[in-house]
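For reference, the structure is listed below as structure tokens.
The values are calculated or read from the model by the stated rules, or taken from the named source; none is laboratory data. These numbers were taken from a predicted model, which means no experiment stands behind them. So basically every Cβ, Gly included, is an ideal-geometry build from the backbone, and we count neighbours across all protein chains shown.
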Amino acid sequence: MNTQDIAKNLSSIQEKIEQTCANTGRDPNEVHLVAVSKTKPNEDILEAITAGQLHFGENRMKELEDKMVSIENPDIVWHFIGNLQTNKIKYIAERVNWIHSVEKAKYLKEIDKRAGQANRVINALIQVNISDEKQKGGCKPEDLTGILESAKDYKYVKVKGLMGMATFVDDPEDVRSEFKLLKELFDSHQEYNEGSVQLEHLSMGMTNDMEVAIEEGSTMVRIGSAIFGERNYD
């Protein structure tokens, strides 16, 4: 995909965000666009940066590690959105800014340890399984309280909110209830804000259901194919 296409796509997505926010009385500055660049070459990311995009998401730890090393730009905000592996967190801890997919307390402990060794703070989101699909990651809603309580005294990892992946459907209205569930959990767990737990963000919504997610309170949308085109497979 050429530079013009990526820039045009980014502009189109931003317009949709602004229009959806206008329709729901929200400030569009509350919604952050995370460009999901998984499987895409560095050239595409550089083109997106030229167009003004600075938040990028990857779902493979090795691919993220490689891209963070090879694309040297201090303004980039890197998001890891894939399945975590405890023994590989150390490889991304020196540069990653956000980890969206924390589903167990043990991951927070490891992130805090590795971020501490790098003398930096990493923002984390607790992934909740809102679709009730076994193949999708995330903790059970009833386990969220325990994870939050385990995190309040950490120094190098900050729990900044929740993340959820809705069921993939043709009609995004069919998953509005799943986004509502995550927002309800977000609201009902504000009482656990203490120390390193400060729930401020909701990462939910992708290319096919972004508008509904924003209507239900999303502050981070993860958009890949609508920016970069269809995914390249190995």
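A48 meets the stated requirement of being touching a helix residue (DSSP H, G or I) at 6+ places or on another chain (Cβ under 7 Å) and in a helix (DSSP H, G or I). For K113, the criteria (1) under 24 Å from K152 (Cβ atoms); (2) surrounded by 19 or more Cβ atoms within 10 Å (Cβ to Cβ) hold in every case but one, which is (2). Based on this model, can you work out whether K62 counts as in a helix (DSSP H, G or I), among the basic types (K, R), buried (at least 17 other Cβ atoms within 10 Å of the Cβ) and in contact (Cβ under 8 Å) with a residue 12 or more places away in the chain? So K62 does not fit the description; no. Those residues that are of a type in the set (S, T, Y) and surrounded by 17 or more Cβ atoms within 10 Å (Cβ to Cβ), I need them from the range 1-47; list them, please. Result: T20, S37, T39. For the range 215-233, the criterion of being among the charged types (D, E, K, R), out of contact with any Leu (no Cβ under 9 Å at 6 or more places or on another chain), at pLDDT below 95 and under 21 Å from N9 (Cα atoms) is met by at least one residue. Regarding I17, is this residue of a type in the set (V, I, T), within 29 Å of E94 (Cβ to Cβ) and at pLDDT 95 or above? Spelling it out, it is not the case that I17 is of a type in the set (V, I, T), within 29 Å of E94 (Cβ to Cβ) and at pLDDT 95 or above. Within the range 145-176, being touching a Gly at 6+ places or on another chain (Cβ under 9 Å), among the small types (G, A, S) and within 20 Å of A93 (Cα to Cα) holds for one residue alone: A151. Every condition in (1) assigned to a strand (DSSP E or B); (2) out of contact with any Phe, Trp or Tyr (no Cβ under 8 Å at 6 or more places or on another chain) holds for K90 except the one numbered (1).
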